[in-house]
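Contents: one structure, followed by commentary.
The values are calculated or read from the model by the stated rules, or taken from the named source; none is laboratory data. Owing to the predicted nature of the structure, the values given are computational and were not obtained by experimental measurement. Quick reminder, even Gly has a Cβ in these numbers, built from the backbone with ideal geometry, and neighbours come from all protein chains shown.
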Amino acid sequence: MNWFQAIHVKLLASDFLSLTVHNPPNNDPTFFRRGMQVWRLETVGVVVSKDRTGDFLKFVVDDGTGCIPCIIDLTDRSHLGLAAEVETERVLREAATVELGKLVRVRGKITQGEEGGLQLKVRDVGVEDDPNMEPLHWMDCIRLARSCYDRAAHP
Amino acid sequence: MENLSFLKLVIPISNLKSWCEVSWISLLAQKHNDNNQFGESPYFEQLYHREPLGNDMIRRIFSSDDMSFVLVGMLKVSPYSGRLQLTDATGSIDAVVPDLPLDVNFQAVYEVKDYKLVIEGSSKKIYMQQQYLDEPLSCRTIFQHFSPRASSQLVVYVHFYLKKSTCMHFFQFSTYMDNSDSLKCNSGEMFHLLYVTHKFPAYHSLHEDVSLSNSSEIFLTNLDKKSDCIDNFLRENYRSSQIPCLLVLSRSNSQSFQFPFYLHCARGFKDNGMLHNHSDSKILLEFSSNNLDKYQMLRVGSYYLLKCSGKGLDCKSKACKHITQVKPLVISESIIWRLSILFDEAKHQNGQSQHVCSCVSSVRNDKCLTENFCQPGQTFLHLNDETHGLSDVHLHMYSEAINQLEELESLLKSFHSIFPSLDKITTVSSCIQQMMAQAALTSGILIPANELPQGNLLSLSGNIESISIYDFKPKCACSSFTVCEHWSTCEVCMLVNDDCHMVRIRGSISRYAYPIGLGHAVNATFHKVLLTQNSSQTKELMLTPMSFIVVNTVKEICPLVNVEGLIQESRWNIPYEVFINTKSSSRLISNVLQCTDSDLIHLNCRVVCIITLVLENQTHGPVMSQPVGYPKITTASIPLLGFLVEDGSSLCYCWADYGRAETLLRLHESSQMIFSSGKIVRGPEKKYSQRTTEYLLYEMLKKHQKIIVRNHGAAPDLSCVDLSFLIDSDQVFSKAEEKLLRSIINNACHAPTTLSIAGITMNSTSAFDGRMEFLEHRQTLQSLPYLWVKEVVPIDSRQEAYGRTYTLSGRMRQEAGDVHLSI
């Protein structure tokens with residue numbers, strides 16, 4: 001089993017925005033960083049834009065190297081069972097914490113937006129109270145890129 | 001050549017303190033079992049100033065037998081702290097001398113060969129120092145390598161007995177003599193017999209007089225020394241308000257002098273053959289600032305003879321200032337002797353006399369309180385030692401004519417009735433019973449916030465579990481009270497326990513009242529603390545300006561030498577710990593597979609999925625988060641939690657239990673979710689309320705006893721939807737209960753907090769000890785590394801940044817060097 005599908009890679013926004021997109025026919029698009037396929041992403045940055053449209057909350061996170069569009073599905077699925085009810089409640093609670101100017105940590109699945117651009121379908125989002133977490137995230141990105149991702153791409 | 005082996009090495013006290021610091025570093029290095037981890041980076045020079053709390057403090061007691069030096073100095077009382085110190089021309093060190101007589105000669109120089117050196121400090125302090133302890137200690141090494149330091153983070157004091165020390169006779173000093181002049185008692189002199197029931201703590205200002213309070217007095221009158229009159233006199237006067245006795249003035253190594261005396265209760269009265277003292281026969285003794293030594297050496301619960309300032313037998317005369325003044329002042333010329341009172345019964349049977357001696361002497365021996373305090377083989381020190389013949393004088397109360405045991409008992413009762421008893425010293429468990437009883441009485445009664453605390457004063461003895469010291473006044477630039485020289489008061493908060501219960505004592509304490517040795521893992525007696533009710537109607541104990549603390553016993557605190565011992569077990573709140581492995585901060589999970597079993601691994605990661613959760617109903621002792629005085633309760637506990645973590649490089653399959661599991665599940669975060677009819681409402685700041693997550697879990701487990709939750713959909717998308725619940729009861733598992741558990745698991749899997757985890761790697765089957773059923777269907781996870789979590793704390797971003805910067809700069813230097821070579 002390829003556990004890398006479940007891992008939220010840590011990439012700088014500039015790295016994320018330069019991912020290579022492959023669009024195989026009849027399949028979901030796939031994303032590659034220098035030859036290494038990635039599925040999920042974790043980022044830390046400041047919310048610079050926020051837009052609530054219907055059952056979706058769209059916001060943009062700026063980590064200092066670029067801006068990553070994020071989207072949260074706020075559809076209420078409580079009628080589908082207890083698990084869905086609990087999930088909905090959590091998502092609503094977390095969405096309420098996303099405010100302009102806040103430093104947030106976002107994890108999600110890499111997808112393509114309506115206009116073909118890259119975006120992050122949010123799995124979870126939380127406010128970071130410690131401002132030092134942002135530069136620490138940059139260091140994590142650098143360390144992982146050097147010691148893990150680059151080697152995975154070119155073993 | 002003459003044999004000079006009798007010569008001893010004397011270390012100046014300032015250099016001794018320096019030696020203590022270096023020894024401490026060596027001790028920490030040895031304990032942490034990593035001589036290379038300190039490295040050379042200035043970033044790791046010193047980590048965190050914190051007051052020593054129970055969790056990270058070490059106390060070591062070194063015996064003089066293990067030292068190669070002796071101590072030489074004079075005794076003095078520090079004008080800053082009011083403590084007894086051993087001093088020389090270079091510095092001073094706090095000293096505990098249990099057998100110090102009241103009339104000790106402070107001009108004498110003592111050579112102390114038999115002593116115990118106590119060093120206390122935090123195990124988290126790491127210093128960059130070279131070690132010179134391998135070299136033999138010589139004069140050169142003392143002055144070259146152990147030079148005096150400006151400040152110290154350690155608490156250092158020395159414990160020795162004066163009778164085992166040598167007074168050195170120097171020409172220019174007046175010597176300490178066991179002369180009888182200090183114990184002279186002339187005919188016609190009068191003494192007041194005092195019983196010390198309390199000492200008010202001294203305050204920092206040297207201009208304020210300190211007071212000794214609540215003493216009871218009885219006049220002791222000298223009689224004609226003619227012994228032939230004693231027998232008739234005894235028979236006659238025992239039936240009145242006077243008690244016959246023999247005063248023996250002695251020191252351990254000097255002659256003794258005996259004087260027949262009788263005890264006269266000037267304010268007493270007889271009732272049914274028993275003597276009683278008036279309730280108003282209490283005085284305050286005031287000590288001038290230059291007699292702080294006399295004040296320091298008086299002990300609560302001890303008897304003392306104070307030479308009367310008046311003349312003649314009639315002490316009611318105005319000549320006696322001890323009677324006429326409200327607060328008689330003890331001055332340098334005041335003569336005070338510590339007294340032991342012995343009751344002798346001479347039995348004449350078959351021509352042989354047998355003496356039965358009942359001793360009424362000094363304070364209750366606190367050794368009985370410390371019986372269970374120290375473990376067998378554990379090193380400890382009695383700081384409040386009553387067993388070494390500490391009295392200057394002995395008062396033998398006897399009657400040769402008393403042949404009946406009943407008369408002796410009557411005599412004892414008479415004597416006891418004259419003296420007021422000390423406040424009963426309660427145990428922690430008894431105190432909690434009082435608190436709960438009073439809580440029931442005052443339930444619902446609100447105390448206005450602007451009123452002074454009210455309640456009863458009580459005396460309490462117990463073992464200090466932890467102590468926090470903060471808020472120094474005047475404000476200190478540094479946070480350590482050992483370094484700050486000029487603080488006068490501070491706030492303390494202590495947790496005191498016995499075998500069963502724990503209470504919190506908090507309040508303000510002055511520097512003079514802060515006794516030597518007070519800290520974690522000591523047995524202490526707290527005189528006159530206030531049992532009051534705080535604004536949240538919880539009973540608590542408060543230190544007051546009249547509270548007095550006596551340290552009875554201190555014991556060694558040594559952390560375990562292996563790496564597991566560095567990581568503390570905590571029930572509810574995982575304390576913030578600084579990890580020792582600072583050189584490389586943390587590993588990536590992708591590198592964990594390369595580690596061998598039982599390596600300690602540090603990871604910075606986040607929980608992504610809960611695999612297995614076992615909840616159980618357990619009964620245990622009081623825990624930190626419970627309200628003060630809460631007895632043993634049944635709580636929810638987590639004996640096993642299996643979960644996945646990730647750090648961006650890979651996944652790791654981890655296992656944890658109890659306090660660590662609670663932290664990973666975020667059960668104790670400050671804003672608790674209050675569950676109410678399906679709606680989640682963000683609640684107020686965490687309190688022990690009936691709607692917290694812990695309480696709901698507790699209620700659930702009280703009903704079901706044991707619940708096992710398994711996640712069948714963990715792979716590959718890390719979902720927590722497909723959960724199964726196995727309960728160990730016949731009760732119905734309700735929807736609300738299922739929702740609670742799902743919410744807890746869901747919150748844990750989506751926590752934004754990055755955690756710093758320390759654990760040991762293990763193969764897939766080790767360390768499960770009969771819990772193999774939790775691995776039965778985990779084949780999909782077998783390719784992942786397994787980690788048994790030993791400690792979990794929130795990540796420290798600054799420390800991690802230091803580590804990454806150091807590592808990154810090292811690599812960049814290396815790469816730059818490579819580039820240079822290639823050119």
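Taking each residue of the stretch B:498-524 that is assigned to a loop (DSSP other than H, G, I, E, B) and looking for partners that are modelled with pLDDT of 85 or more and among the aromatic types (Phe, Trp, Tyr) with beta-carbon atoms closer than 8 Å, six or more apart or interchain, yields B:Ala513/B:Phe548; B:Ile516/B:Tyr157; B:Gly517/B:Tyr157. Scanning the stretch A:1-38 for residues that are within 14 Å of another protein chain (Cβ to nearest Cβ), part of a loop (DSSP other than H, G, I, E, B) and surrounded by fewer than 17 Cβ atoms within 10 Å (Cβ to Cβ) yields A:Met1, A:Asn2, A:Asp28.
When every residue of the stretch A:73-92 is checked against the conditions, at least one turns out to be under 16 Å from the mean Cα position of the chain (by Cα), assigned to a helix (DSSP H, G or I) and crowded, with 21+ Cβ neighbours inside 10 Å.
Determine whether A:Gly64 is under 19 Å from A:Glu128 (Cα atoms) and within 14 Å of chain B (Cβ to nearest Cβ). The answer is no for A:Gly64. Here A:Val47 fits the description: at pLDDT 90 or above and within 14 Å of another protein chain (Cβ to nearest Cβ).
Specify the residue that is farthest from A:Cys70 (Cα to Cα); the eligible residues are those in the stretch A:108-155 that are more than 8 Å from every other protein chain (Cβ to nearest Cβ), buried (at least 17 other Cβ atoms within 10 Å of the Cβ) and among the β-branched types (Val, Ile, Thr). Looking at the filtered set, the residue picked out is A:Ile110.
Regarding B:Leu651, is this residue at pLDDT 85 or above, in contact with a strand residue (DSSP E or B) (Cβ under 9 Å, 6 or more places away or on another chain) and crowded, with 23+ Cβ neighbours inside 10 Å? Against the criterion (at pLDDT 85 or above, in contact with a strand residue (DSSP E or B) (Cβ under 9 Å, 6 or more places away or on another chain) and crowded, with 23+ Cβ neighbours inside 10 Å), B:Leu651 qualifies.
Scanning the stretch B:462-489 for residues that are modelled with pLDDT of 65 or more and either in contact with an Asp or Glu (Cβ under 6 Å, 6 or more places away or on another chain) or of a type in the set (D, E, K, R) (or both) yields B:Gly462, B:Glu465, B:Ile469, B:Tyr470, B:Asp471, B:Lys473. Selection within the stretch A:95-107: residues that are surrounded by fewer than 21 Cβ atoms within 10 Å (Cβ to Cβ) and either assigned to a strand (DSSP E or B) or not hydrophobic (A, V, I, L, M, F, W, C) (or both). The member of this set that is farthest from the other protein chains (Cβ to nearest Cβ) is A:Gly101.
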